[in-house]
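Here's the structure, in structure tokens; my notes come after.
Nothing in this text is a laboratory measurement; each read-out follows from the coordinates by a stated rule. Predicted, not measured: the structure shown is a model, and the values here were computed from it. Backbone-built Cβ (ideal geometry, glycine too); neighbour counts: all protein chains shown.
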Amino acid sequence: MEINNNKTKEESPEEFIKKNIILTSVDKVLDYARAHSFWPVTMGLACCAIEMMAAGGARYDIARFGYEVFRPSPRHADLMIVAGTITKKMEPLVKRIYDQMPEPKYVIAMGSCAISGGPFAGSYNVVDGADTFLPVDVYVPGCPPRPEALFHGLLELRRKVIHPEVVKGK
């Protein structure tokens, strides 16, 4: 009820519903919840893992975004941060960890080596990027990328999960 110039004005039911009830789908609510609580699997392959660990420390505090729960088991994780060089010997193990993760699952390629092989590209024992055998959602460039770059990648992944229909640049 709204009071205007000592007169009372009743609100119509339609106006009340527009102001006080949010209509959405269950999928959108679940995507919003998922995007604000990623559980990364604990996995570091090379020097980029040091920067990933620094992101979890008090100085950078990844917890402020809701992503501090690094899981030791892939069965409890929904995000894989591939941080570092993937050797051909490690490729089947990384793929196995990815396959053990429950759906929906996401992948971030962190660092030049995880994106394209880095300075070792074309080497006899280095995989030329995680996207050759995993569906990568977000790329975080750098050698090694700073924790702030990882945060940017996580926020970009959050945006993609909340708005799957939006493609950057369109």
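When a footprinting reagent is the concern and you count Cβ atoms within 10 Å, what order do Met90, Met52 take, fewest first? List each step's numbers first, then the result.
Values: Met90 17, Met52 25.
If I rank by nearby Cβ atoms, fewest first, I get Met90, Met52.
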Using Cα-Cα distances under 8 Å and only pairs 6 or more residues apart, what relative contact order does segment 65-159 have, in percent? 26 percent
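Ranking Met101, Met53 by Cβ neighbours within 10 Å, fewest first, what do you get? Present the calculation step by step, with values, prior to reporting the outcome.
Values: Met101 21, Met53 15.
With the sparsest Cβ surroundings first, the list reads Met53, Met101.
Please arrange Tyr32, Tyr98 by how many other C-beta atoms lie within 10 Å of their C-beta, fewest to most. Walk me through the intermediate numbers first.
Details: Tyr32 14, Tyr98 20.
Fewest-to-most Cβ neighbours within 10 Å comes out as Tyr32, Tyr98.
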Note the direction-averaged projected area, equal to a quarter of the hull surface, for the Cα convex hull of the chain, in nm². 14.5 nm²
Over the chain, with a Gaussian network built from C-alpha contacts below 10 Å, which listed residue (Pro147, Pro135, Pro40) shows the highest mean-square fluctuation? Pro135
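Determine the sum of side-chain charges near Val138: Lys and Arg each +1, Asp and Glu each -1, restricted to other residues whose C-beta is under 9 angstrom from that of Val138. Provide the component values of the computation, followed by the final result.
Details: positive: Lys160; negative: Asp137, Glu156.
Surrounding charge for Val138 is -1.
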Enumerate the amide H contacts of Ile81 below 5 Å, restricted to partners 5 or more residues apart or on another chain; note that Pro and chain-start residues carry no placed amide H. Val41, Ile108
